[in-house]
Structure formats: structure tokens, C-alpha cells
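The values are calculated or read from the model by the stated rules, or taken from the named source; none is laboratory data. Here the structure is a predicted model, which is why all the values come from computation and not from measurement. The accessibility values were calculated without ligands, DNA or RNA, using every heavy atom of the protein model including side chains. Shrake-Rupley method; radii C 1.70, N 1.55, O 1.52, S 1.80 Å.
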Amino acid sequence: MNALENKAFWEAAIRSRHSCRSYQQLPVEEEAMRKLEEFAVCLDLPFDWQGEFRFFQTAGRQIANNLKAPPPCAVAFLAETDPLSIAKTGFAGELLLLYATGLGINSCWFGHYLLPELERCMPHLGEHSGEPMPAFGFGKGEVPGRRAICISPLGYWEERGLRLIDRLSSGLMSFKRKPLSELLVGLKSPEELPPGILYALELAAKAPSAANTQHWRFDVSGDHKTVTIACLPGFRHFRWEHFDMDIGICASHFWLGLQMQGVPCRLEPLPGPEAGHISWKFTL
């Protein structure tokens with residue numbers, strides 16, 4: 001992918017991206033689906049990722065509690081369940097969903113899916129299919145084998161189908177973001193940053209997160225040569241344990257912002273300041 005040559009496409013996708021929980025019962029248009037599947041195969045990531053995008057048909061099954069009527073098309077993001085693999089899956093998966101947004105396809109990250117229903121319409125557990133299945137998602141902590149870290153429906157928004165709680169969430173939370181000044185580590189203000197870093201950070205701050213918690217923080221070195229994206233120290237979420245996923249999603253937005261300006265960088269996912277979690281270091 002060449003984000004520099006397609007800057008308008010990617011910027012529009014980031015600025016219009018929002019989570020959609022209500023869908024028309026229509027399949028994704030054939031040409032759009034072809035392009036999305038082709039992108040999934042050809043995606044060139046700035047790191048090694050052993051995960052997989054797996055497209056599947058929902059067959060009308062309720063694959064998540066707060067997704068009462070899923071559209072026919074969906075995608076699962078499969079990987080090992082260690083923190084690094086989860087973080088990389090967030091990065092890779094968000095690029096796919098941003099590309100889908102650019103094609104006019106709505107989506108939403110679901111980590112709390114119904115595993116038995118998912119297994120029925122997309123068999124993937126293999127030798128682990130006989131093990132007890134958790135109530136939500138693949139489970140807590142690391143589990144054996146490659147699992148669906150998250151899933152996303154793929155379709156077209158149906159506004160009339162939204163429940164009241166979803167309307168409130170969409171209207172009050174989906175597009176609401178903390179000011180960049182609250183996300184910067186130290187005393188540095190956004191006005192002190194070079195334009196290239198500021199632009200990329202503004203796009204990173206628009207990334208989606210579990211319950212819109214926006215639990216990432218940006219640490220820019222004094223010489224502006226490195227930027228580190230890490231989780232807010234001590235952060236915990238009562239429903240979502242795998243928040244390395246969200247930090248990876250945020251890092252993908254920052255990386256895209258740099259790519260769109262032709263700013264070269266070296267990217268390293270590293271152990272974060274808190275044991276067992278991942279941070280992302282960008283060397284410019």
C-alpha cells in the first residue's frame with residue numbers, strides 16, 4: 001500500500017471511521033468485497049505478523065450479544081493469544097477496517113463475541129473445539145492455539161435498527177475524542193511539536209478503543225526523534241482485558257499518518273512500561 005499516493009483516501013477513512021452495531025441485511029457489494037479481500041492478501045506490514053484475516057458468512061447467527069441482526073458478511077482476526085500477537089493483530093486489523101471504510105463498508109470491533117455461534121458459522125478451533133467455551137470471546141489470558149482475537153461485521157449501516165443505548169453511544173461517544181494535550185506525556189504541548197508528528201498524532205488520537213476509553217498515551221522525545229505509544233499506566237477495564245489490541249490500533253493510525261507525509265520511520269513493538277503489555281516505539 002502506498003499511503004502517500006492515496007493520502008485523501010486514508011485521511012477520509014480515518015476521519016469518518018466509527019463503530020456500527022446495526023446493519024442492513026445486505027451483503028457487501030461484490031466489487032467492494034473483491035477489493036477488500038485483495039487488500040487483505042497484499043497488505044505489507046512494517047513487521048512480521050503470523051495472524052490471519054478470515055472472511056466468513058454469518059448465516060444469520062447472532063455472533064455477539066449486542067449485534068442482534070448481523071449482516072451476511074464478517075471477518076475474524078486470528079492469531080496467537082500472547083500480548084505481542086494481540087497488539088500486532090490490532091494494528092493489522094485496523095488497517096483492513098480503515099480500507100473497508102474507504103470502500104463504504106461499515107464495521108465494528110467485537111472482542112466479546114459468542115464463541116459457540118462463531119464456531120458454528122466459521123469452524124476454526126480445530127483440536128480445541130471440545131474444550132469448555134468461555135462466555136465471551138476466546139477467554140482471558142493466553143490460551144493454546146490460534147484464536148479469533150476479535151471479529152467484525154462488514155456491511156451497511158441501518159440507522160433505524162439502532163437500540164436506544166446504541167444511539168446514545170453513537171451520538172455521544174463514537175466521535176468524541178480527548179484533546180491531544182491530554183494524551184501527551186510530560187509538559188509538552190501540541191504547539192511545540194513538528195507539523196509531521198502533530199499531524200500523525202492527531203490521526204492516532206482518532207483511533208477507536210473499547211468503550212471509547214482512549215487509554216493510550218504519546219511520549220515524544222525532546223529531540224523529536226522518537227515517539228512511543230503505550231497504555232496509560234495502571235489502566236484496567238472491567239470488561240475488556242486485551243487492551244494491547246487497542247494500543248496496536250492506535251499505533252496503526254500514527255504509522256499511517258507518517259506514511260501519508262512520506263516520513264520514514266523504524267517501528268518496534270516492545271514490552272511496555274507495565275509488565276505483560278506492549279508499547280510501540282517509532283524512530284524517525
Fill in the blank from the handout: With a 31 Å threshold on alpha-carbon distance, the violating pairs from Lys140/Lys176; Lys35/Lys178; Lys68/Lys176 are Lys35/Lys178
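Carbon and sulfur atoms: what percent of the 1.4 Å accessible area of the chain do they account for?
54 percent
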Problem - Candidate aspartates and glutamates - alpha carbon under 16 Å from Lys206, same-chain residues fewer than 8 apart omitted - result: Glu11, Glu94, Glu182, Asp246
Completion exercise
Relative to the chain, whose Cα atoms define the longest principal axis, helix 244-260 and its Cα axis are tilted in degrees, nearest 10, by 60 degrees
Problem - Angle in degrees between helix 7-16 and the longest Cα principal axis of the chain, rounded to the nearest 10 - result: 70 degrees
Completion exercise
Taking a ≥ b ≥ c as the square roots of the Cα gyration tensor eigenvalues, with a/c under 1.5 meaning rounded and otherwise prolate when a/b beats b/c or oblate if not, the chain comes out prolate
Problem - Estimated [θ] at 222 nm from DSSP helical runs (n ≥ 4, -39500 (n - 2.57)) normalised by residues in the chain, nearest 500 - result: -9500 deg cm²/dmol
Practice task
Find the accessible area per residue for the stretch 1-99; the probe is 1.4 Å, ligands and nucleic acids are left out, and the unit is Å².
Solution key: 45 Å²
Fill in the blank from the handout: The set of residues whose placed amide H lies less than 5 Å from the amide H of Phe218, leaving out same-chain residues fewer than 5 positions away, is Leu184, Val185
Fill in the blank from the handout: Non-local residues with an amide H under 5 Å from the amide H of Ala64, with H modelled 1.01 Å from N and Pro and chain starts lacking one, are Leu114
